[in-house]
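These notes concern the structure reproduced below.
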C-alpha cells in the first residue's frame, strides 16, 4: 500500500477506514473501531480519546470524512472467494452475483439438500443430486424436520399476535441512564427513571456481562435487564413484557417475550438477557450517552 493509501487507514485496526470518522485533528477511525472506543471508555469511566493524538472523541465531536470514504471505495480490495482484486465499490456486486467461487446452495435445498459449495460446481452437483429421486416417504421425513424448524420461528410471532388481543396493553419509551456502583472497584449499571404503564409505576435496571469485574477486558459483551414494580398492587399482576429498539435507533434486537407474576411480596424479575444480536450491537448501546428502548407490557386477565 502506497504512502497516499496509508493516510486512509483507521488509527486502531490499521485497515481502510470504512464509514470513516475523524477526530478534531483529522485522525481517522473506521465506524466499528470508533464505536468500540466509546464503549470501552464507558465501561472504564474514562473520556474516550483518539488513539493517535489523545484528543477527546465523541459522537458530537467527531464527524464523517466523506472524501476519505469516497477514496476508500475506489481502492482495490480482495474478493474473499477468488482472491482477485476489484475496486471496493464493485466488490459487493462481484461477490454476490459474479464470482465463480462464491458460496451457493443447491436448488433442491427446499426439499432438504444440505449441499453448499462454489458456484462453478453447482451445475455438476445439481445434475447428480439424489434429492429429486427420493421416495415420497423420505421426502416427507425431511419436510417434517423443516416444518418443525419453521414452527419454532412462527411461535414467537403467533405469541405476539395473541398478546395484541389482550384488553390491557401498555407501552412507553424508556431511557436507561448510566450509573456507577459504590464498590471499591466501581461497576457500570443502568437504570431508568420511574415510568407509568397500565396505571402502575415501574423501573428498569440493566447491567453489562452480568456485572463481571472487568467487562472492558472481554470481547464478548452482553446486557441483561430487570423489571421492577414500584407501586403497591391491590392484587397479583400476571404480565408478559418485552423490550424492543426505540424508533430512532439502529440497534437490532430480537423480540423475546418474558412472563412474570408481580405482587407486593415478589415485585422484581431476575436479570433477563436483553436479546441483542451480538457484541457489536452491545457496543452500539454502550457507546450512546443513554440507551433508548421501548417497553411493552401485557396484563393477563383473570
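Below are the figures for this structure:
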{"item": "Most mobile of 66, 285, 244 in a GNM of the chain (Cα contacts under 10 Å)", "result": "66"}
{"item": "Per-residue Cβ neighbour rank within 10 angstrom, fewest leading, 298, 260, 161", "result": "161, 260, 298"}
{"item": "Calculated semi-axes √(5λ) of the Cα gyration tensor in Å (choose from (1) 37, 20, 19; (2) 30, 20, 19; (3) 41, 36, 15), label", "result": "(3)"}
{"item": "For region 1-133: Kirkwood Rh in Å [reciprocal of mean 1/r, alpha carbons]", "result": "17.7 Å"}
{"item": "Highest-MSF residue in the chain out of 136, 246, 117 [GNM, Cα springs under 10 Å]", "result": "136"}
{"item": "For the chain, calculated [θ]222 nm from helices alone, where every DSSP H run of n ≥ 4 adds -39500 (n - 2.57)", "result": "-7500 deg cm²/dmol"}
{"item": "Exposure proxy order (Cβ contacts within 10 Å, fewest to most) of 179, 248, 271, 190", "result": "248, 179, 271, 190"}
{"item": "Normalised contact order of the chain, rounded percent, pairs of Cα under 8 Å and 6 or more residues apart", "result": "15 percent"}
{"item": "Gyration tensor verdict on region 118-176 (Cα atoms; rounded if a/c is under 1.5, prolate if a/b is larger than b/c, oblate otherwise)", "result": "oblate"}
{"item": "Prolate/oblate/rounded label for region 89-133 (Cα gyration tensor, a/c 1.5)", "result": "prolate"}
{"item": "Gyration tensor verdict on region 159-302 (Cα atoms; rounded if a/c is under 1.5, prolate if a/b is larger than b/c, oblate otherwise)", "result": "prolate"}
{"item": "Protection proxy ranking, peptides 38-45, 74-81, 226-233, average beta carbon neighbours within 10 Å, highest first", "result": "38-45, 226-233, 74-81"}
{"item": "Under the Debye formula (equal points on every Cα, no solvent term), log10 I(q)/I(0) of region 3-74 at q = 0.12, 0.17 Å⁻¹", "result": "-0.28, -0.54"}
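No value in this document is a laboratory result; all are computed from the given coordinates. What you see is a predicted model, and the numbers here were worked out from it, not measured in a lab. Glycine also receives a Cβ, built like all others from the backbone with ideal geometry; neighbour counts cover every protein chain displayed.
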